[in-house]
Amino acid sequence: MSAPIKLNRYKNNPILTPIPEHKWESRHVSNAGVTVYNGKIYILYRAEGEDMRASAPNWPVARIGLAVSLDGYTIQERSAGPVLDIDGENLPFVDGVEDPRITKIGDTYYIVYVLTSVHGDHIALARTMDFKKFEKAGMLMEDISQRTSGLLPEKIDGEYMLFHRIVPNMWVSYSKDLKRWHSSRIIMRTKYHQWTDCKIGIGAPPVRGKNSWILFFHARDTKGVYRLGIAWLDLKDPSKIIKIQDEPILEPEESYEKNGFVNNVIYTCGVAALGGKYFVYYGCGDQCLAVATVDKESLEI
């Protein structure tokens with residue numbers, strides 16, 4: 001029996017931390033969507049600063065910043081201000097934009113992210129082609145309060161495929177126009193008395209392997225601990241799970257993962273392929289951003 005797959009932490013984690021003099025990101029930086037653009041890894045990260053949310057008075061307002069890395073580990077560039085802010089949404093009283101997941105389809109990079117407000121959490125969509133200009137496209141499934149969502153990097157039978165979580169399980173839905181959704185169904189369920197027993201959802205958008213889609217997901221247990229897992233999905237029908245590893249691939253062990261604004265949280269929104277490895281970017285304790293890697297070949301089934 002082969003040993004379970006585990007991620008290898010970067011020795012100099014965390015790679016991204018708050019900047020005290022930037023009021024919009026002075027307290028926390030964390031969950032980040034990533035993609036490869038022009039040979040570099042572009043990182044859209046959640047940033048929280050001085051002002052507080054009306055919907056959750058103990059939480060700072062979240063915005064989305066941009067960082068760039070050449071080697072996957074070291075940050076060479078970082079935006080002076082947020083690239084996605086709380087304005088311009090078609091939901092009243094938005095006090096957070098966070099947890100972005102990036103999917104490239106054609107020449108467009110689609111960003112599914114979370115809105116927080118006094119009206120609950122909702123998912124929204126933005127687009128960019130160059131990471132300089134971002135266009136907000138409004139809410140997805142505006143009648144459902146949810147978060148933790150991302151698009152498959154290819155269309156299935158001409159339709160977009162969305163992975164999303166209606167608590168506590170992971171769902172998929174389909175759409176021709178990113179407005180009207182159909183064929184919604186659960187594809188992954190929580191399991192009692194296991195590390196996935198509270199809620200389970202997509203981590204990064206699935207990445208295409210040779211024989212399957214590879215899905216890095218997250219789950220929370222009833223003690224509040226967040227861990228990362230891995231599953232393999234059918235290439236032609238990604239709603240079909242081929243295999244799920246029973247053991248987590250990463251769980252809180254280091255001090256920056258166990259102690260944070262929220263303790264014992266490891267949460268990914270993005271994975272990038274670079275130089276024979278998958279780089280898995282994950283928020284730690286809702287406070288900083290780290291990266292871990294795994295050889296691409298080791299994940300082929």
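The values are calculated or read from the model by the stated rules, or taken from the named source; none is laboratory data. Predicted model, so just to flag it, every value in this text is computed and none were measured. Ideal geometry is used to build each Cβ from the backbone, glycine not excepted, and the neighbour counts take in all protein chains shown.
Cβ-Cβ distances below 7 Å connect no pair with a first residue in region 289-301 that is under 16 Å from Ser212 (Cα atoms), a second residue that is surrounded by fewer than 18 Cβ atoms within 10 Å (Cβ to Cβ) and among the acidic types (Asp, Glu), and a separation of six or more residues or different chains.
Would you check if there is a residue in region 245-264 being within 18 Å of the chain's Cα centre (by Cα), polar (S, T, N, Q) and on the phi > 0 side of the Ramachandran plot?
Quick first cut of region 245-264, residues within 18 Å of the chain's Cα centre (by Cα) only: 248-252, 257, 262, 264.
Narrowing further to those that are polar (S, T, N, Q): 264.
Adding the requirement that they be on the phi > 0 side of the Ramachandran plot leaves 264.
Within region 245-264 (the criterion being within 18 Å of the chain's Cα centre (by Cα), polar (S, T, N, Q) and on the phi > 0 side of the Ramachandran plot), the answer is yes, since at least one residue qualifies.
Among the residues of region 68-93, those that are farther than 17 Å from Glu135 by Cα and part of a strand (DSSP E or B) comprise Val68, Ser69, Ile75, Gln76, Glu77, Arg78.
Residues in region 199-211 that are under 20 Å from the mean Cα position of the chain (by Cα), farther than 15 Å from Pro248 by Cα and surrounded by fewer than 22 Cβ atoms within 10 Å (Cβ to Cβ): Val207, Arg208, Gly209. Listed by first and then second residue, the pairs linking a residue in region 104-128 that is surrounded by fewer than 16 Cβ atoms within 10 Å (Cβ to Cβ) to a residue that is among the small types (Gly, Ala, Ser), with Cβ atoms under 9 Å apart and 6 or more places separating them unless they lie on different chains, are Val118/Ala54; Val118/Ser55; His119/Ser55; His119/Ser145; Gly120/Ser55; Gly120/Ser145; Arg127/Ala137. Pairs linking a residue in region 185-197 that is touching a residue at least 12 places away in the same chain (Cβ under 8 Å) and surrounded by 11 or more Cβ atoms within 10 Å (Cβ to Cβ) to a residue that is of a type in the set (Asp, Glu) and not in a strand (DSSP E or B), with Cβ atoms under 6 Å and 6 or more positions apart or on different chains, are Thr190/Asp197; Trp195/Asp221; Asp197/Asp221.
Got a sec? Which of Lys223, Lys240, Lys199, Lys210 is basic (Lys, Arg) and touching a Pro at 6+ places or on another chain (Cβ under 9 Å)? Quick ask: steps written out before the conclusion?
Values: Lys223 fails: touching a Pro at 6+ places or on another chain (Cβ under 9 Å); Lys240 fails: touching a Pro at 6+ places or on another chain (Cβ under 9 Å); Lys210 fails: touching a Pro at 6+ places or on another chain (Cβ under 9 Å).
Step by step, each of Lys223, Lys240, Lys199, Lys210 is checked, and only Lys199 is basic (Lys, Arg) and touching a Pro at 6+ places or on another chain (Cβ under 9 Å).
Can you tell me which residue in region 10-54 is nearest to Glu254 (Cα to Cα), limited to those that are touching a Gly at 6+ places or on another chain (Cβ under 8 Å), surrounded by 18 or more Cβ atoms within 10 Å (Cβ to Cβ) and among the small types (Gly, Ala, Ser)? Result: Ser30.
From the list Leu140, Leu152, which residue is farther than 21 Å from Val280 by Cβ and touching a residue at least 12 places away in the same chain (Cβ under 8 Å)? Please lay out each step first, then the result.
Values: Leu152 fails: farther than 21 Å from Val280 by Cβ.
So the residue among Leu140, Leu152 that is farther than 21 Å from Val280 by Cβ and touching a residue at least 12 places away in the same chain (Cβ under 8 Å) is Leu140.
Quick check on Gly49: is it more than 11 Å from Tyr281 (Cβ to Cβ) and modelled with pLDDT of 95 or more? Yes. Scanning region 59-88 for residues that are buried (at least 18 other Cβ atoms within 10 Å of the Cβ) and of a type in the set (D, E, K, R) yields one hit, Arg63. When Gly270 is tested against (1) farther than 22 Å from Tyr110 by Cβ; (2) crowded, with 19+ Cβ neighbours inside 10 Å, exactly one condition is not met: (1).
No other residue among Ile111, Ile156 is of a type in the set (Val, Ile, Thr) and under 21 Å from Ser183 (Cα atoms) apart from Ile156.
To keep it simple, each residue is scored yes or no on (1) assigned to a strand (DSSP E or B); (2) of a type in the set (A, V, I, L, M); (3) in contact with a Ser or Thr (Cβ under 6 Å, 6 or more places away or on another chain).
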| site | (1), (2), (3) |
| --- | --- |
| Asp237 | no, no, no |
| Tyr256 | no, no, no |
| Val262 | no, yes, no |
| Tyr278 | yes, no, no |
| Tyr282 | yes, no, yes |
| Ala292 | yes, yes, no |
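Any idea which residue in region 31-67 is nearest to Tyr110 (Cα to Cα), counting only those that are of a type in the set (Ser, Thr, Tyr) and in a strand (DSSP E or B)? My answer is Thr35.
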